[in-house]
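Trainee: Structure incoming, see below.
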There are 2 protein chains.
Amino acid sequence: MVIVGFGGMGHEHQIKLAGVKELVVKGTFDVKADRQALALSLGLKPYPSFQSVLDDGEVAVVLIATPNDSHKDLAVAALAAGKHVICEKPVALNTGELDEIVAASQKAGRLFMVHQNRRWDEDYLTVKKILADRTLGKFFHLESRVLGSRGIPGDWRKVGRFGGGMMLDWGVHLLDRLVFLIPGRITQVFCKLNYPTGQDVDEGFHLFLTFEGGQTALVEVATCHYQPLPLWLVLGTKGTAMIKDWSLEGGIVGVGALEGDAKPIVAGAGLTKTMAPRTEAGEVHLPLPLVKADVRDFYRNFVAVTQGLEAPLVKNDEVRRIMLLMEAAFESHRTGQVVAFE
Amino acid sequence: MVIVGFGGMGHEHQIKLAGVKELVVKGTFDVKADRQALALSLGLKPYPSFQSVLDDGEVAVVLIATPNDSHKDLAVAALAAGKHVICEKPVALNTGELDEIVAASQKAGRLFMVHQNRRWDEDYLTVKKILADRTLGKFFHLESRVLGSRGIPGDWRKVGRFGGGMMLDWGVHLLDRLVFLIPGRITQVFCKLNYPTGQDVDEGFHLFLTFEGGQTALVEVATCHYQPLPLWLVLGTKGTAMIKDWSLEGGIVGVGALEGDAKPIVAGAGLTKTMAPRTEAGEVHLPLPLVKADVRDFYRNFVAVTQGLEAPLVKNDEVRRIMLLMEAAFESHRTGQVVAFE
């Protein structure tokens, strides 16, 4: 396999693949000399051009980790040259580009699979288990957040024509996972992108989804947010699950012993009975049912699919649905309206 | 003064008024015998009927703390009988009712003022000061939440025709305060009410507002939420303020020393540079600029207004704007659309 685009993510693939015997990295191609030098220092072959990668008959797989606007052309060319292709997310800039890639994949009879690595996030898989276990009573609302305060990194991710912005960078992950947690059609999409420091691309967003079963979800990404909120909140009629951060701190709080009528509490300038906390006996605290995962299963599955042994864990129609969803989010922000979806 | 409706809030007024020499509680009227007995035990006169309150020429002020659907008829009658009126929130069930009350107030030449007591909440006033001080750089987003897990109290607040539900109960407070924090017209209203346990009335909501200056606000009320989120989050380009709870825990985190490029961190199954935390030197921690307030100033102002000495601190056109805003929120939920406002 050859890694095309040997920046942060390309290098990260190479490190992760060191433990995957099924998929051996032979070389790299990058337009930047320092990255080619890095590859050489790691014992990899720095190919002089993308074409020279395609021309190498010993290369069966190309991994694309370049800026987002180049994914489509590189993927289509690699597939046409008979390579299987792993591609970084977001797969492309719009569904039109993705459709071109999928057509090229089908025409060439070669596999195209997008690296939706965050399906192997243990925080997400723990939420999935909580929902499968029906620990919280009837589930009705979910919140998924990723917050930072450093702005967008000062590379191509800051530039619109390269496919920058937080919706395409982080939104694609959060939405890709979310739809495995809440079944059924998404009926409504409301989205506000934000541009607090006046960048060319969205620096974050609030996205509110309504599902056909009535469940709702709030998805938030921020790069100008200096205080933490939980990564995950899952609300059911009998309890709430919270995962605070990537160290997987958090837990489940649910209904304990039956309680009498609440005693009003002083809250600011008034009293409240409605917002009075439960008594100690009135709630139960449960630990998170932590789930372990190995993201390298992505690569192993990719190889097994090329051998006809497994079905792909990341399907192109799943990726296409999320691309459509992001397009609906952009439309909602642009028009200031709720967008009907599915 | 006579308190009409001597339930939780009515009694709370009586307790608060013990420290206000300008406004003496003479008696009460309530349809429930146990509350009339309570009044008697407190040395107050239990009036046998609402009409007997109106007929008492020594009563200059009537305070209405009955279920929401009765505010309008009681207020109009009291004003017509020459009484000044303090009314619990929400002022009425819709703007039509409020307009009737205001017309009666003007016709009778008597004061009508709504008890928006949460304008004296110290958490809110602290947020107001943070914004006035411009501590956070350019302010762009605010979140205001009140969360509980006990459901709606099992009285009239659970019943639609009595004006129950969380929008009218808590939403009216959070919105009444919010519009003093963000100046200018509200251009868009998006709202999802929720009914997790299948009540007759909304058990909570997410409300997203857009202001003409581009600022946004998320307002959330919940009664089926078992884990805490901050009461307040205020986001500016240079920092974020958080007030966690009614004990006024929280603080401000802002930009410290200039930092170099972020070092990627392991986050779940991948790396992230964008969401890497700041270094210790890269952020500053400031305490909240706590503000003290005395909600009894509401009553003192009321009396001063009746004497022609002060302007009302709670104006009926302010109350009307919030009623219109809640009507827009209900419409947004009902239609599934963004409602253009102002």
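Trainee: Compute the separation of the alpha-carbon centres of the stretch B:32-98 and the stretch A:216-234 and state it in Å as a whole number.
Mentor: Cα centroid of the stretch B:32-98 versus Cα centroid of the stretch A:216-234: 45 Å apart.
Trainee: If you take each beta carbon of peptide B:219-229 and count the beta carbons of other chains within 10 angstrom, what is the mean?
Mentor: What the average comes to for B:219-229 is 6.
Trainee: Do any GluC sites (Glu not before Pro) in the stretch B:133-220 lie in a loop, going by DSSP, with at most 16 other beta-carbon atoms within 10 Å of their beta carbon, and if so which?
Mentor: Taking the stretch B:133-220 and a limit of 16 other Cβ atoms within 10 Å, the loop GluC sites (Glu not before Pro) found are B:E212.
Trainee: Sticking with this one: Based on the Cβ-Cβ distance from A:D155 to A:D261, what FRET efficiency comes out when R0 is 60 Å, to the nearest 0.05?
Mentor: Computed FRET efficiency for A:D155 and A:D261 comes out at 0.55.
Trainee: Relative contact order of the stretch B:226-342, please, whole-number percent, based on alpha carbon pairs below 8 angstrom and at least 6 residues apart.
Mentor: Once normalised by length, the contact order is 14 percent.
Trainee: Hey, how many Å between the Cα centroid of the stretch A:275-342 and the Cα centroid of the stretch B:293-323?
Mentor: Value for the Cα centre distance between the two parts: 50 Å.
Trainee: Moving on to the next point. Anything losing 40 Å² or more of accessible area from the isolated chain to the full protein assembly: pick those residues out of the stretch A:256-285, probe 1.4 Å, ligands and DNA/RNA ignored.
Mentor: Residues losing area: A:A267, A:A269, A:L271, A:T274, A:M275, A:R278.
Trainee: Right, another one. If I model a spin label as a point 7 Å beyond the Cα along the Cα-Cβ vector, how far apart are those points for A:E12 and B:D297 in nm?
Mentor: About 5.1 nm, to one decimal.
Trainee: Let me have the 222 nm mean residue ellipticity of chain A computed from DSSP H runs of 4+ only, each contributing -39500 (n - 2.57), with the sum over all residues rounded to the nearest 500.
Mentor: Computed mean residue ellipticity for chain A: -9000 deg cm²/dmol.
Trainee: Sticking with this one: Grab the other residues whose beta carbon is less than 13 angstrom from that of A:G260, score K and R as +1, D and E as -1, and report the net.
Mentor: Around A:G260, the surrounding residues sum to +2.
Trainee: Taking a temperature of 25 °C and a viscosity of 0.890 mPa s, what whole-number D in µm²/s does Stokes-Einstein yield for the stretch A:1-132 with Rh from Kirkwood over alpha carbon pairs?
Mentor: 160
Trainee: Do you know the relative contact order of the stretch A:16-151, to the nearest whole percent, from alpha carbon pairs under 8 angstrom that are 6+ apart?
Mentor: Here the relative contact order equals 15 percent.
Trainee: Please compute the modelled spin-label separation between B:E58 and B:N94, points set 7 Å along Cα→Cβ, answer in nm with one decimal.
Mentor: It is 4.2 nm.
Trainee: Cross-link list A:K83/A:K107; A:K244/B:K138; A:K129/A:K192: which exceed 21 angstrom alpha carbon to alpha carbon?
Mentor: In this structure, A:K244/B:K138; A:K129/A:K192 exceed 21 Å between Cα atoms.
Trainee: Residues of the stretch B:171-199 that become at least 30 Å² less accessible with every protein chain present than in their own chain isolated, using 1.4 Å: which are they?
Mentor: Buried-area filter returns B:Q188, B:F190, B:K192, B:P196.
Trainee: Accessible area per residue, 1.4 Å probe, Å², for the stretch A:1-143: what's the number?
Mentor: 39
Trainee: In terms of Cα to Cα distance under 17 Å, which aspartates and glutamates are near enough to A:K315, apart from those fewer than 8 places away along the same chain?
Mentor: The reachable aspartates and glutamates, counting only those whose Cα sits under 17 Å from A:K315, are A:E88, A:E97, A:D99, A:E100, A:D176, A:D297.
Trainee: Let me check against my output: what whole-number percent is the relative contact order of chain A, with C-alpha pairs under 8 Å and at least 6 apart?
Mentor: It comes to 18 percent, rounded to a whole number.
Trainee: Please name whichever of B:A78, B:L288, B:L325 sits farthest to the positive end of the charge dipole of chain B, dipole taken about the Cα centre and charges placed at Cβ: Lys and Arg +1, Asp and Glu -1.
Mentor: Comparing the listed Cα positions along the dipole, B:L288 ranks first.
Trainee: How much of the DSSP bridge set in chain B is antiparallel, in percent, rounded to the nearest 5?
Mentor: DSSP beta bridges in chain B are roughly 65 percent antiparallel.
Trainee: Roughly how many percent of the accessible protein surface of the stretch B:156-254 is carbon and sulfur, given a 1.4 Å probe and a whole-percent answer?
Mentor: 49
Trainee: Over all directions, the average projected area of the alpha-carbon convex hull for chain A comes to how many nm²?
Mentor: So the Cα hull casts an average projection of 20.1 nm².
Trainee: I'd like the FRET efficiency for A:Q106 and A:E22, computed as 1/(1 + (r/R0)^6) with the beta carbon distance as r and R0 of 25 Å, rounded to 0.05.
Mentor: 0.55
Trainee: Which of the residues in the stretch A:295-342 lose at least 50 Å² of accessible area when you go from the chain alone to all protein chains together (probe 1.4 Å)?
Mentor: A:V338
Trainee: At most 10 other Cβ atoms within 10 Å and a DSSP loop assignment: could you name the chymotrypsin sites (Phe, Trp or Tyr not before Pro) in the stretch A:25-112 that fit?
Mentor: none
Trainee: Applying the Karplus parametrisation 6.51 cos²θ - 1.76 cosθ + 1.60 with θ = phi - 60° to the phi angles of the stretch A:178-186, what ³J(HN,Hα) value in whole Hz is obtained for each residue in order, glycine and proline being reported as x?
Mentor: Per-residue couplings from phi come out as 4, 6, 7, 8, 10, x, x, 5, 8 Hz.
Trainee: Within the stretch B:251-342, report the trypsin sites (Lys or Arg not before Pro) that DSSP leaves as loop and that have at most 14 other Cβ atoms within 10 Å.
Mentor: Qualifying residues, ordered by number: B:K292, B:K315.
Trainee: Still on this model: Each residue of the stretch A:74-82 in turn: what ³J(HN,Hα) in whole Hz from Karplus with 6.51, -1.76, 1.60 and θ = phi - 60°, glycine and Pro shown as x?
Mentor: Result, rounded to whole Hz: 5, 5, 4, 5, 5, 4, 5, 7, x.
Trainee: If only Cα atoms are counted, what is the Rg of the stretch B:33-78, and what is its Dmax, in Å?
Mentor: Values for the stretch B:33-78 (Cα only, Rg and Dmax): 11.4, 30 Å.
Trainee: So, with a 1.4 angstrom probe, what is the percent of accessible area on the stretch B:39-85 that is carbon and sulfur?
Mentor: About 56 percent, which is the carbon plus sulfur part of the accessible surface.
Trainee: Sort shortest first the distances from A:T187 to its counterpart in every other copy, using label points 7 Å along the Cα-to-beta-carbon line, and give them in nm.
Mentor: With the label placed 7 Å along Cα→Cβ, A:T187 yields 2.9 nm.
Trainee: Need one number: buried accessible surface between chains A and B, 1.4 Å probe, both sides summed, DNA, RNA and ligands left out, in Å² to 100.
Mentor: Using a 1.4 Å probe on protein heavy atoms, the buried area is about 6000 Å².
Trainee: Now for a different question. So in the protein assembly as shown, what percent of DSSP beta bridges are antiparallel if you round to the nearest 5?
Mentor: Within the protein assembly as shown, antiparallel bridges account for around 65 percent of the total.
The values are calculated or read from the model by the stated rules, or taken from the named source; none is laboratory data. As the structure is a computational prediction, the values presented were derived from the model and not from experiment. Glycine also receives a Cβ, built like all others from the backbone with ideal geometry; neighbour counts cover every protein chain displayed. Surface areas here come from the heavy atoms of the whole protein model, side chains and all, with no ligands, DNA or RNA. Shrake-Rupley method; radii C 1.70, N 1.55, O 1.52, S 1.80 Å.
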